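Asks: Below you'll find the structure I mean.
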Amino acid sequence: MSPAGVPLMYVAADRQTAIAEVRPSIGDKVVVGEFVSKRELHFFDFTVLSKLTHAEISLFETRYRHRTDRRLLLEYLHDLIARPVRAHDTDYVMTQALAEYIRYCDSQRFDGIAFRSVQCDGGINFVLFDKSAPEALQVPDWTPQFDMSIAKEAVTTYEIRRVQYESVEQQVPCWQL
């Protein structure tokens with residue numbers, strides 16, 4: 001979600017999700033720190049979409065198409081944001097634009113975005129927006145400002161001993177091979 005020159009802070013709700021998100025190999029060491037917010041933070045939370053109960057939509061309702069399209073769009077965007085980015089992907093440009101829109105949305109000031117992890121089942125990731133004034137980016141010794149601080153006593157190193165993958169067989173037409 002971060003275009004070049006736009007700093008964002010990526011954190012996870014728990015240690016296992018944080019470790020899974022960096023996709024370490026066996027034998028790697030991963031350092032995990034606990035961060036504490038300096039104030040109450042407000043997130044554009046994609047994870048609530050799966051928990052929402054929607055009012056029934058009738059085909060005869062005048063706003064049927066509008067409501068259905070909005071639901072499908074939000075689900076699509078959440079899938080897109082949660083998907084890992086690969087070198088050949090270009091879909092990340094849409095998530096960068098979406099993140100910037102949410103960041104500067106006039107009706108609500110969000111501190112970041114919450115979304116599900118695809119690397120750790122049940123895990124939640126957070127992206128926090130830099131709180132510096134836009135003109136601060138022009139200063140040579142500028143550093144990003146986030147409303148988080150690290151709890152120095154809660155930094156732990158983990159050695160990766162096992163990585164587990166789950167796969168599903170897919171049928172591929174012979175003409176695509």
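Asks: With a ≥ b ≥ c taken as the square roots of the eigenvalues of the C-alpha gyration tensor of the stretch 106-159, please select rounded if a/c is under 1.5 and otherwise prolate if a/b is larger than b/c or oblate if it is not?
Replies: oblate
Asks: Cα-based Rg (one decimal) and Dmax (whole number) for the stretch 8-176, in Å?
Replies: Reported Rg and Dmax, both Å: 19.5, 60.
Asks: Leaving out same-chain residues fewer than 8 places away, which lysines sit with a Cα under 25 Å from that of Lys152?
Replies: Lys29, Lys38, Lys131
Asks: Additional query: When you count, for each residue, the other Cβ atoms within 10 Å and take the mean per peptide, how do 156-165, 12-21 rank with the highest first?
Replies: Top to bottom by mean Cβ count within 10 Å: 12-21, 156-165.
Asks: Normalised by the number of residues in the stretch 8-176, what is the relative contact order in percent for Cα pairs under 8 Å and 6+ residues apart?
Replies: Relative contact order for the stretch 8-176 comes out at 44 percent.
Rule-based calculations on the coordinates, nothing more; no lab input. Predicted model only: the values in this text are computed from it and were never measured. Here the Cβ is made from the backbone with ideal geometry for all residues, glycine too, and neighbour counts use every protein chain on show.
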